[in-house]
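Below is one structure, written out as structure tokens, with a few remarks after it.
The values are calculated or read from the model by the stated rules, or taken from the named source; none is laboratory data. Bear in mind that the values here come from a model prediction, so they are computed numbers and not experimental data. Here the Cβ positions follow ideal geometry from the backbone for every residue, glycine too, while neighbour counts run over all protein chains shown.
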Amino acid sequence: MNRRTFLLSSASALTVAGFGSSGLVSVARAAGETAPVAAASDLPPFTFDSLVQGMQALAGTPYKEPASTLPEAWAALDYDQHRNIRFRTDHALWSDTPSEYQLQAFPPGWLFKQPVEMFEVVDGHARPVSFTGADFSYGEGLEGKGLDNQTLPGIAGFRLHYPLNTPDYLDELIVFLGASYFRALGKGNSYGLSARGLAINTAAGEAEEFPRFSRFYLRRPQEGEQEMLLWAELDSPSVTGAFQFRILPDVNTQVEVDARLFLRKDVTRLGVAPLTSMYLFGENDRTGFDDYRPEVHDSDGLLILREDGERLWRPLRNPKSLGLSFLQEKNLQGFGLMQRDRRFSEYQDTEAVYHKRPSLWIEPMSEWGEGSVMLAEIPSELEVHDNIVAFWVPAQKAAAGSSFRFAYRMIWGMDPDPGTEKALVTATRTGHGGAAGVEGQDESVRKFVVEFSGDMLAKVGADEPVEPVLTLTNGTVTTDHLQKLERGDWRYIFDVKRTDLEQPVEMHLVLKMKDTPLTERWMYQWTTNA
């Protein structure tokens, strides 16, 4: 899946006939155009409850594939033409208000042939926000196509700007673009991993379905208001949904999500709070990459916080074949894809600035019951591909006619980790087993080096009874050594001999002292390329 197109093979999906009414008065954005402003009494009242009711009713009707309503000139745009269209910043929604928020639209066309409709909610009433060709500027290859004088039935998506890093500049804060994809930033971040509203049948042995946010409702922000509140309609052949997003920009930007889902059809695998990222190579699996950079990834590990407070850390991999892991949990406290390596020296990339990519932590705001966190690791040879997917799979069967509600907090930023006194895994390294510099290495033996770092662990003396507790399946430990490094970190080095070369080796490791865990739990899967 290509991150440059935001996985937009899904852009052929869906528009919704839901809450909105075509009889509402537009808020025109064209240059020099003044739209009539409807009185509140002339507009239908809008509430999240009414949106939920509308999407629940829609789930009881057959799905209808919508036809594209784009003008022909816009629908015919190719990739190069589309990328030469830019939104005019002086036409941003709310630019003429004292609000610190502004909205800019992405042009429709190319892969975005099903327009997204926008509504502004003022005093509890919703009215459409319309865009025209005059809201965009046009680059090379678009002369004489007449794009600038056409009314548009909708847009491809939008981004919200807010003074996130400095008070005198409106930074990009969050982007909704393509199917149900969106990305957000914390202070000092550059865009990296993405989130989705919902995943349907990902890696489930059948065609994946991409639900689509087809309508957005945004509450007009007031002067000095830091919070942004918006709602979205989601639709697909199998599911309808109503979503509420409460956005609070900060050092770690929070997005509170209230998702109500209604199933038209049975779904084999329902993915809640899906995260999508990129991992090409890192310190644990550089095999096959001739690259001057030490690491290339948007995220380097999956973190899970269990009901009992235990933390699980699973370093990401770029396997030779599709890897699926299901980590069963009950009432988990959170999970996320994290970027722990934060030093420029660990990437040496001045353009992609991978050390500034955000981590994303998902924190349930209610009990989610039984289920599992699914991690999919997809083989990739290029960093333009999003090849890592993680989401929650509820144990409850996703049957036609059923409904779900999931409330959760998303935390985007440099360090959204919930925090712990226990030491963290700071490095995972792998290589051939046995002694270095010896010919004829046994391919069934591999060396693993795991490092832990934390203030409390650093205070433990090297002669104290710290014990590595390593459990594994399909293998045996041939040699091992635990040592405290000069900087205070602890390193455990061990060789594993694989029993069945056709099956993976699963490993769990935690450092303990007198049966008390000093570290989070390291988890790893050794396949054909570690």
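Things worth noting here:
- Each residue in region 76-104 was checked for being over 26 Å from S50 (Cα atoms), assigned to a strand (DSSP E or B) and touching a residue at least 60 places away in the same chain (Cβ under 8 Å), and 2 of them qualify.
- Options V393, V373; residue that is farther than 22 Å from N318 by Cα, hydrophobic (A, V, I, L, M, F, W, C) and surrounded by 15 or more Cβ atoms within 10 Å (Cβ to Cβ): V393
- Looking only at region 478-490, and only at residues there that are in contact with an Asp or Glu (Cβ under 7 Å, 6 or more places away or on another chain) and surrounded by fewer than 17 Cβ atoms within 10 Å (Cβ to Cβ), the one that is farthest from D463 (Cα to Cα): T478
- Residues that are assigned to a strand (DSSP E or B) and of a type in the set (S, T, Y), drawn from region 246-293: T253, T276, S277, Y279
- Looking only at region 493-509, and only at residues there that are surrounded by fewer than 21 Cβ atoms within 10 Å (Cβ to Cβ) and under 32 Å from the mean Cα position of the chain (by Cα), the one that is nearest to G323 (Cα to Cα): P504
- Residues of region 322-345 satisfying the condition of being surrounded by fewer than 18 Cβ atoms within 10 Å (Cβ to Cβ), farther than 19 Å from K187 by Cβ and of a type outside the set (S, T, N, Q): L322, L324, F326, K330
- Any hit, region 25-45, residues being surrounded by 14 or more Cβ atoms within 10 Å (Cβ to Cβ), at pLDDT below 85, closer than 20 Å to V116 by Cα and in contact with a Phe, Trp or Tyr (Cβ under 7 Å, 6 or more places away or on another chain): yes
- Region 110-152, residues that are under 20 Å from S180 (Cβ atoms) and not aliphatic (A, V, I, L, M): W110, F112, K113, Q114, P115, E117, F119
- Some residue of region 429-451 being assigned to a loop (DSSP other than H, G, I, E, B) and closer than 27 Å to V251 by Cα: no
- Flag if G434 is surrounded by 13 or more Cβ atoms within 10 Å (Cβ to Cβ) and at positive phi: yes
- Candidates in region 264-284 are the residues that are touching a Ser or Thr at 6+ places or on another chain (Cβ under 7 Å) and surrounded by fewer than 21 Cβ atoms within 10 Å (Cβ to Cβ); of these, the one that is modelled with the lowest pLDDT is E283.
- Lone qualifier among G419, G454 - being outside the structural domain of K320 (by TED's automatic domain parsing) and surrounded by 14 or more Cβ atoms within 10 Å (Cβ to Cβ): G454
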